[in-house]
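Participant: Questions regarding the structure given below will be posed in turn.
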Amino acid sequence: MDDFLWAYQSLFYGLGVNGLLGLSMYAVLALGQLSLGQAAFMGIGAYTGALLSLNFGMPFALVLAIAAVVPAVAALVIGGPALRLTGVHLAIATIGFGEVLRVFYINSETLGGGLGLTGIPQRADGWTIYGILGVALGLFTLASRSKIGRAWEAIREDEDAAKVAGINVTAYKMVAVILSAALAGLAGALNAHCSSFIGPGEYGFDAAVTVLSFALLGGVSMPLGPVVGAFLLGALPEVLRPLHDFRLIFNGLIIVVVVIFLPRGLLGFRVRRMG
Amino acid sequence: MFVQQLFNALVLGSVYALFALGFTLTFGVLRVINLMYGFYFAAGAYLALFAVQELAVPLWGAVALGVVGSAVLGVVCDGLLLSRLRATKAPELSSLMVTLGGVLLFNSLMNLMFGAEVRRFPAGALSFEAITLGPLRAAPIQFIIIAVVFVLVTAVFLFIARTRIGAALRAVAERPDTAALMGVNVGGIVGLTSGLSAALAGGAGILVGLNLNAVQPYMGESLMLRGFAVIIIGGLGDIRGALVAGLGLGLLEVMTAGYVSSTLKEAVAFSALILALWLRPGGLFGWASGKRA
């Protein structure tokens, strides 16, 4: 019975973390930007958080804050040059970043090499995870319905036109990439503190594409969409056990089908505003 | 010792250039970062392995089968994944996303079908005996790789610069609509480009599989980072740039591993990529177009 509860508790925590990842993808997709560093930034957050907890025993709130700031700084360094160029450059630079980090984790002895870090204290609970998710979702929803949301939409529809209309496109994009990295870092740290183990294999290319599939399944017409998508894709393989082995195939298929049949619906949707 | 290092750098650099060749060609003509490229790469190697092992075809036949097979796969997958997006003039990032989903889908399928374990070519397929040539010791396949890369790069370059079809290709790259009005068969050029670059990918996969004597579903993914670095540094769509950047990256990596530290070697490609984004965003020769308003 205890096993049963434990298994579902970890699913419950996992879904909350997925929801945060979905939001972090939303943060960039809402502006029509494709950053594929979500898994990498999640990894930075997870390793940062785990090291702080294991070695210094800092208060959990401080650990989480640092785990959000470190990936945000990394995003600044990578996003800076890539954002001056095209969306393609940003996508490539962020995928490359994930790959180089994976190799770095495997080769680093401080980070446990290929075995990863174990024995991370279980400091995250449902209240923390869902509290953070709720607050983030609330803030994003408010932002998307304000002047900020209209600027996002303008940038997504036509960058040049948005620039002409007086929107500081580069600043908006930069903030989006940094925010998205911070959220992914938070998700990583939370995940590390509820699963007690992290390894270099968890933050690679497959993970990055999976986060994208969360956002695409839910649709990015409002911040709630990616969160719902994340819940669905996280819960499905657990509910339908046979689907487990086909998880990645299924995620890939979702991206293909959604992008082909609803291309404008994804990058060119319209947000319904209140008032 | 130094000569051997230089030779190793040449082999490694040729592999990178070979991998990047079709990748940059697809972008140059079709304006798509086609991540399916990594799948064609592995598929070519598996097809050749299958031909040698199960059909007992001699190696040259297996290579031909692998190359043609990947070309067919390339045309079919392009039709399945990208033709509709092209017809509706979907944003550039949509096509990047669809190939992201596609590569996850097909790589996972391959993993499920063949298993993740590394497969090897049968012992008799190719001599892996090292040849000694003055101060050099190298396997025959390494000489073959260098030769093939130079022949292929020259051939593709001449094909694009000197032939009628090459001119049509350049016209489509420049402006597909205008090219169609001038009587260029745009659909045919799109198919040709997809098939050609997938064939180049499959061929590269076979050579790399033979060089390491290892075939594995994710072999394309592990070269992807280097491939990205090479095509960005060389300039997106620039074939000559890809050759120079590939060779340069190989040289840098081998020298870093030999004289600095072998762990640091892994960071070379990415550092070069970021540096290139800051300093030469238009590519080594500076004429690769970014975005046209």
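The values are calculated or read from the model by the stated rules, or taken from the named source; none is laboratory data. Worth saying up front: this structure is predicted, and the values here are computed from it rather than measured. Ideal geometry is used to build each Cβ from the backbone, glycine not excepted, and the neighbour counts take in all protein chains shown. These accessible areas exclude ligands, DNA and RNA; they are computed on the full protein's heavy atoms, side chains included. Shrake-Rupley method; radii C 1.70, N 1.55, O 1.52, S 1.80 Å.
Participant: Name the helices (complete DSSP H segments) of chain B with a Cα length along the long axis of 20 Å or more and a Kyte-Doolittle mean of at least -1.0, or state none. Working shown, then result.
Facilitator: Working: long enough: B:2-30 (41 Å, 1.64); B:37-53 (24 Å, 1.24); B:59-81 (32 Å, 1.95); B:92-114 (33 Å, 1.39); B:140-162 (32 Å, 2.50); B:186-212 (39 Å, 1.58); B:219-234 (23 Å, 1.48); B:239-259 (30 Å, 1.30); B:265-279 (21 Å, 1.65).
Length and hydropathy pass: B:2-30, B:37-53, B:59-81, B:92-114, B:140-162, B:186-212, B:219-234, B:239-259, B:265-279.
Participant: Among the residues of the stretch B:99-129, which ones have their accessible area go down by 50 Å² or more when all the protein chains sit together, as opposed to their chain alone (1.4 Å probe)?
Facilitator: B:LEU100, B:LEU104, B:LEU105, B:LEU112
Participant: Something else now. In the stretch B:193-214, whose amide N lies under 15 Å from the spot 7 Å out along Cα-to-Cβ of B:SER222? List them in ranges.
Facilitator: Under 15 Å, as judged by backbone N against the label point of B:SER222, lie B:205-214 of the stretch B:193-214.
Participant: Then there is this: On a 0 to 90° scale, report how tilted helix A:38-56 is relative to the longest principal axis of chain A, with both axes built from alpha carbons and the result rounded to the nearest 10.
Facilitator: So the helix axis and the longest Cα principal axis differ by about 40 degrees.
Participant: Partner chain Cβ atoms within 10 Å, averaged over the residues of A:154-160 - can you pull that number for me? All intermediate terms of the calculation are to be shown ahead of the outcome.
Facilitator: Working: counts 0, 0, 1, 0, 0, 2, 2.
Mean inter-chain Cβ contacts per residue within 10 Å come to 1.
Participant: By its C-alpha gyration tensor, with a ≥ b ≥ c as the square roots of the eigenvalues, how is the stretch A:52-126 shaped: rounded for a/c under 1.5, else prolate for a/b larger than b/c, else oblate? Let's see the in-between values first.
Facilitator: Values: a/c = 2.92, a/b = 1.63, b/c = 1.79.
Here the stretch A:52-126 falls in the oblate category.
Participant: Let me ask something else. Given points 7 Å out from each Cα along the Cα-Cβ axis, report the B:VAL57 to B:SER261 separation in nanometres with one decimal.
Facilitator: Those two pseudo-labels are separated by 4.7 nm.
Participant: What distance in nm lies between label points placed 7 Å from Cα along the C-beta direction at B:ASP177 and B:PHE285?
Facilitator: 2.9 nm
Participant: Moving to a separate point now. Please sort by residue number the trypsin sites (Lys or Arg not before Pro) in the stretch B:31-92 whose DSSP state is loop and whose Cβ has at most 11 other Cβ atoms within 10 Å. Kindly include the intermediate steps, with their values, before the conclusion.
Facilitator: Numbers: sites: B:ARG31, B:ARG84, B:ARG86, B:LYS89; in loops: B:ARG31, B:LYS89.
Hits after loop and neighbour filter: B:LYS89.
Participant: What number comes out for the charge environment of B:GLU253, summing +1 per Lys or Arg and -1 per Asp or Glu over other residues with Cβ under 9 Å away? Let's see the in-between values first.
Facilitator: On the way: positive: B:ARG226, B:LYS265; negative: B:GLU266.
Taking every Cβ under 9 Å from that of B:GLU253, the sum is +1.
Participant: Taking 22 Å as R0, compute the FRET efficiency from the Cβ-Cβ separation of B:VAL68 and B:ALA214 and round it to 0.05. Walk me through the numbers on the way to the answer.
Facilitator: Working: r = 23 Å, r/R0 = 1.04.
In this case the efficiency is close to 0.45.
Participant: To the nearest 0.05, what FRET efficiency results for A:THR118 and B:GLN4 with a Förster distance of 60 Å applied to their C-beta separation? Mind dumping the intermediate values first?
Facilitator: Values: r = 41 Å, r/R0 = 0.69.
Once the sixth-power term is evaluated, E becomes 0.90.
Participant: Would you mind checking the tilt of helix A:224-239 against the longest principal axis of the Cα atoms of chain A, expressed as 0 to 90 degrees and rounded to 10?
Facilitator: Roughly 40 degrees, rounded to the nearest 10.
Participant: Same structure again: Once you place label points 7 Å from the Cα toward the Cβ at B:ASN111 and A:LEU139, how far apart are they in nm?
Facilitator: 3.4 nm
Participant: Something else about it: Using Stokes-Einstein with the Kirkwood hydrodynamic radius over Cα pairs, what translational diffusion coefficient do you get for the protein assembly as shown at 37 °C and a viscosity of 0.692 mPa s, in µm²/s rounded to a whole number? The partial results should precede the final answer.
Facilitator: On the way: Rh = 24.5 Å.
Translational D for this selection: 134 µm²/s.
Participant: Moving to a separate point now. For A:LYS163, give me every one of the aspartates and glutamates with a C-alpha distance below 14 angstrom, ignoring sequence neighbours fewer than eight places off in its own chain.
Facilitator: Within the straight-line cut-off, A:LYS163 pairs with A:GLU153.
Participant: Can you grab the distance from the C-alpha centre of the stretch B:117-167 to the C-alpha centre of the stretch A:135-161, Å, no decimals?
Facilitator: After rounding, the separation between the Cα centres reads 51 Å.
Participant: Now, a different point. Using the heavy atoms of the protein chains alone and a 1.4 angstrom probe, what is the accessible area of the protein assembly as shown per residue in square angstrom?
Facilitator: Numbers: 23680 Å² over 568 residues.
Ligands and nucleic acids excluded, the result is 42 Å² per residue.
Participant: Relative contact order for chain A: what percent, with Cα pairs under 8 Å and sequence separation of 6 or more? If you can, show how the numbers build up before the last one.
Facilitator: Numbers: 435 pairs, mean separation 96.9, N = 275.
Reported relative contact order: 35 percent.
Participant: With charges set only on the Cβ (+1 for Lys and Arg, -1 for Asp and Glu), what does the dipole of the stretch A:2-267 come to about its Cα centre, in debye to the nearest 20? Could the numbers behind the result be given before it?
Facilitator: Working: 12 positive and 14 negative charges, 131 e Å.
The calculated dipole for the stretch A:2-267 is roughly 620 debye.
Participant: Now for a separate question. Of chain B, which part is the longest with no GluC sites (Glu not before Pro) in a loop (DSSP not H, G, I, E, B) and with at most 12 other C-beta atoms within 10 angstrom? Can you show the working numbers first?
Facilitator: Numbers: sites that count: B:GLU54, B:GLU117, B:GLU129.
The longest uninterrupted stretch comes out as B:130-293.
Participant: Where the accessible area of the protein assembly as shown is counted over protein heavy atoms with a 1.4 Å probe, how much of it, in %, is carbon and sulfur? Provide the component values of the computation, followed by the final result.
Facilitator: Details: 16170 of 23680 Å².
Reported share for carbon and sulfur atoms: 68 percent.
Participant: Would you kindly state the longest site-free stretch of chain A, with sites defined as trypsin sites (Lys or Arg not before Pro) in a DSSP loop (not H, G, I, E, B) surrounded by at most 10 other Cβ atoms within 10 Å?
Facilitator: Answer from the scan: A:1-269.
Participant: With everything on Cα atoms, drop me the angle between helix A:60-84 and the longest principal axis of chain A, reported from 0 to 90° to the nearest 10.
Facilitator: The helix A:60-84 is inclined about 40 degrees to chain A.
Participant: Given R₀ = 41 Å, FRET efficiency for A:LEU243-A:LYS147 by Cβ-Cβ distance, to 0.05?
Facilitator: Values: r = 42 Å, r/R0 = 1.03.
Rounded to the nearest 0.05, the efficiency is 0.45.
Participant: While we're looking at this one, here's another question. Mind running the shape call on the stretch B:109-221? Use the C-alpha gyration tensor, a ≥ b ≥ c as the square roots of the eigenvalues: rounded below 1.5 for a/c, prolate if a/b tops b/c, oblate otherwise.
Facilitator: Oblate, since a/c reaches 1.5 and b/c is not below a/b.
Participant: For the protein assembly as shown, what is the charge dipole size about the Cα centre, in debye to the nearest 20, if Lys and Arg each add +1 at the Cβ and Asp and Glu each add -1 at the Cβ?
Facilitator: Values: 32 positive and 25 negative charges, 330 e Å.
Dipole about the Cα centre, nearest 20: 1580 debye.
Participant: Mind checking how much accessible area A and B bury in total, 1.4 Å probe, in Å² rounded to 100? Walk me through the intermediate numbers first.
Facilitator: On the way: alone 13290 and 14350 Å², together 23680 Å².
Roughly 4000 Å².
Participant: With only Lys, Arg, Asp and Glu charged, each at its Cβ (+1 for the first two, -1 for the last two), find how big the charge dipole of chain B is about the Cα centre; round to the nearest 20 debye. Before the final figure, lay out the partial values.
Facilitator: On the way: 17 positive and 11 negative charges, 140 e Å.
Dipole of chain B, to the nearest 20 debye: 680 debye.
Participant: Using the alpha carbon gyration tensor of the stretch A:2-267, what are the three equivalent-ellipsoid semi-axes (square root of 5 times each eigenvalue), largest first, in whole Å?
Facilitator: Values: eigenvalues 164, 90, 63 Å².
Those come to 29, 21, 18 Å.
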